[in-house]
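Following: one structure in structure tokens, then a few remarks.
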Amino acid sequence: MLRGKSILLGVSGGIAVYKAAELVRLLVKKGASVHVVMTANAQQFVTPLTFQVLSNNTVGIDLFSVESESRISHIQKARLPDLVLLAPATANLMAKMAAGIADDYLTTILLATTAPVLICPAMNVKMWEHPATQRNLRILGELGHQVQPPAVGSLACQEEGAGRLAELGDILERAVRILTPPTLGGRRVLVSAGPTWESFDPVRFLSNPSSGKMGYALAKIAARRCAQVYLVSGPCFLEAPAGVEQICVTSALDMRDAILRLSPQLDAIVMAAAVSDYRPSQKLPQKLKKVAKELTVLLEPNPDILAALGEVKPATQVLVGFAAETEDLLKNAKDKLVRKNLDFIVANDLSRKGAGFCCDTNEVTIIERNGAVIDLAPMTKEDVASEIWDRVERLLAGVKN
Ligand code: C5P
């Protein structure tokens with residue numbers, strides 16, 4: 001995710017400094033090269049050695065150190081990163097930045113750098129809410145800096161409220177987004193995800209084990225690439241990726257209505273949902289009582305949402321389906337590609353280990369309209385999502401030309 005990216009992590013002095021150590025570990029794990037610069041106050045909480053060991057790079061602490069300035073000057077250090085991440089950013093650091101003060105190593109770099117800056121504040125709730133901090137926040141926004149707001153909860157100072165450093169996963173995702181080229185900028189896309197529930201009484205339903213992970217990964221990657229994303233989701237208990245418009249539905253009929261309402265304005269639709277093919281013919285108003293004999297539930301077919309989309313597909317829209325099969329994968333997938341008028345189809349062999357429902361990885365074959373069959377190696381669902389959007393982008397570019 002961050003391979004080849006250079007991140008300068010500025011650490012200022014608050015109790016959340018210990019979390020910044022974990023952040024370094026996560027950034028390094030994602031492939032980034034991390035250079036840490038600490039303020040004098042930050043060093044009161046955690047020693048530079050911790051950050052040096054975790055980042056495998058020397059830590060910047062002293063603007064006037066003859067030794068470190070001769071190795072790499074603060075100006076060079078300001079030129080180096082693809083992103084400057086400030087975590088935790090104290091009220092004091094934000095105030096200095098807003099005023100353009102450069103009186104130590106970190107603030108000097110901040111004035112000299114042209115890299116994007118992501119500020120992750122952490123402080124006492126009263127300090128966060130203070131009009132001076134809020135004014136500085138506005139100024140920092142006007143200066144073009146981005147802010148990952150603090151989380152709300154119990155604070156180290158025994159108070160409750162906004163001021164906790166944002167969750168590290170959220171900081172990481174925000175950093176990845178800033179560093180991802182906006183190749184779907186200006187595009188509106190829709191992803192369907194998860195199973196549908198087809199009720200036959202108020203407490204029972206027919207469904208399948210879809211976790212929604214593939215669809216949510218697709219929504220996340222599209223949002224990273226700056227698309228406007230609608231995520232039409234069956235019940236699947238995953239957190240919607242930041243910045244995505246989640247539309248929660250329950251049954252196939254709800255899902256169809258939500259998707260068809262939006263479809264005319266969309267550049268691309270990826271149907272990753274495992275829509276139930278059937279629904280009970282009637283939904284009982286009360287819970288069905290247990291009886292000591294066989295129970296027959298009559299089913300009727302659900303509409304095929306993807307086929308309906310294929311029938312009305314505008315020439316400029318890219319339509320992608322999934323085919324989850326337990327036998328004759330390629331034959332069935334090719335048939336669906338043509339029958340549902342798709343641009344390409346992503347075929348999953350459900351009998352393979354590490355593919356399909358519930359897992360974090362997938363092993364798929366992409367079949368294109370021109371007959372090309374591309375077997376992708378086993379990879380994470382996020383990587384499969386990237387492969388899918390790469391293809392969608394190419395098709396959109398072709399459609400536009
Ligand atoms: O025909 P089959 O259900 O195997 O097709 C799978 C593809 O069609 C998936 O992309 C799925 O989201 C979509 N589908 C649909 N409406 C249905 C059934 C499947 O849109 N009722």
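The values are calculated or read from the model by the stated rules, or taken from the named source; none is laboratory data. Bear in mind that the values here come from a model prediction, so they are computed numbers and not experimental data. Counting neighbours? That spans all protein chains shown, and the Cβs are built from the backbone with ideal geometry, glycine included. Calculation scope for accessible area: heavy atoms of the full protein, side chains included, ligands and nucleic acids excluded. Shrake-Rupley method; radii C 1.70, N 1.55, O 1.52, S 1.80 Å.
To put it simply, the accessible area of region 1-157 at a 1.4 Å probe is 56 percent carbon and sulfur. Using the Cβ of N362 as centre and a radius below 9 Å, the other residues enclosed give a net charge of -1, where K and R count +1 and D and E count -1.
Think of it as helices only: each DSSP H run of n ≥ 4 in the chain is worth -39500 (n - 2.57), and spread over all residues that comes to -10500 deg cm²/dmol at 222 nm. The Cβ shell under 13 Å around A307 holds other residues with a net charge of +1, Lys and Arg each +1, Asp and Glu each -1. Counting lysine pairs in region 4-142 that sit 8 or more residues apart in sequence, or on different chains, and whose Cα atoms lie under 24 Å apart gives 13. Would you list which aspartates and glutamates come within 12 Å of K313, measuring only between C-alpha atoms, while excluding same-chain residues fewer than 8 positions from it? Within the straight-line limit of under 12 Å, K313 reaches these aspartates and glutamates: D267, D343. Rounded to the nearest 10 degrees, the angle from helix 381-400 to the longest Cα principal axis of the chain is 80 degrees.
With just the Cα atoms defining each centre, how far is region 82-105 from region 121-155? Give it in Å. Between the Cα centre of region 82-105 and that of region 121-155, the gap is 12 Å. Computed packing ranks the peptides 139-151, 289-301, 330-342 as 330-342, 139-151, 289-301, most packed first, by mean other Cβ atoms within 10 Å.
State whether region 128-202 is rounded, prolate or oblate according to the following rule on the C-alpha gyration tensor (a ≥ b ≥ c being the square roots of its eigenvalues): a/c under 1.5 gives rounded; otherwise a/b larger than b/c gives prolate, and the remaining case gives oblate.
It comes out oblate by the Cα gyration axes.
State whether region 106-253 is rounded, prolate or oblate according to the following rule on the C-alpha gyration tensor (a ≥ b ≥ c being the square roots of its eigenvalues): a/c under 1.5 gives rounded; otherwise a/b larger than b/c gives prolate, and the remaining case gives oblate. Oblate.
Sorting 48-54, 367-373 by average packing, meaning the other beta carbons within 10 Å per residue, from highest down gives 48-54, 367-373. In terms of its alpha-carbon gyration tensor, region 1-118 comes out rounded; the largest-to-smallest axis ratio a/c stays below the 1.5 threshold.
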